[in-house]
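Visitor: Could you have a look at this structure, given as structure tokens, before my questions?
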Amino acid sequence: MPKRILQGTVVSDKGDKTVVVKVERAYLHPLFKKTIRRTKKYHAHDEANAHKVGDTVHISECPPKSKLKRWEVVSA
């Protein structure tokens, strides 16, 4: 199974080697046919502490690195 790659915005960089990325997705409501936006936050591994709040990054699935981190930053 291929690894998923998501694009999002860094909302927190306070953790050591960790960033919190907000990913927004849009989908069509099945009954009302209206576009709905939903967001979800992912904890991602950032080895070099290179990314700051407001940066747009791509994250990829990876094996668990800690209790919450199952994603890693692949590019900015």
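Visitor: Gln7 label point, 7 Å along Cα→Cβ, cut-off 15 Å on backbone N: hits in the stretch 25-59?
Guide: So the set is 25-26, 55-59.
Visitor: Still on this structure: Please work out the FRET efficiency for the pair Lys14 and Ile36, using the Cβ-Cβ distance as r and a Förster radius of 25 Å; give the result to the nearest 0.05. Walk me through the numbers on the way to the answer.
Guide: On the way: r = 30 Å, r/R0 = 1.20.
The pair Lys14/Ile36 has a calculated efficiency of 0.25.
Visitor: While we're on this one: May I ask for the net charge around His43, where only other residues with Cβ less than 13 Å from the Cβ of His43 are counted and Lys, Arg are +1 while Asp, Glu are -1? Provide the component values of the computation, followed by the final result.
Guide: Numbers: positive: Lys14, Lys17, Lys22, Lys40, Lys41, Lys65, Lys67, Lys69, Arg70; negative: Asp13, Asp16, Asp46, Glu61, Glu72.
Once positives and negatives cancel, what remains is +4.
Visitor: Once you compute Rg and the Kirkwood Rh from C-alpha atoms, what is the Rg to Rh ratio for the stretch 5-75?
Guide: On the way: Rg = 13.7 Å, Rh = 12.7 Å.
Value, to two decimals: 1.07.
Visitor: I would also like to ask the following. Can you tell me, using C-alpha contacts under 8 Å and at least 6 residues apart, the relative contact order of the stretch 5-75 as a whole percent? Could you put the intermediate results ahead of the total?
Guide: Details: 155 pairs, mean separation 24.1, N = 71.
With pairs under 8 Å counted, the relative contact order is 34 percent.
Visitor: At most 11 other Cβ atoms within 10 Å and a DSSP loop assignment: could you name the GluC sites (Glu not before Pro) in the stretch 11-76 that fit?
Guide: Answer in residue order: Glu47.
Rule-based calculations on the coordinates, nothing more; no lab input. A quick note: this is a predicted structure, and the numbers were derived from the prediction, not measured. All Cβ positions, glycine included, derive from the backbone under ideal geometry; neighbour counts span all protein chains shown.
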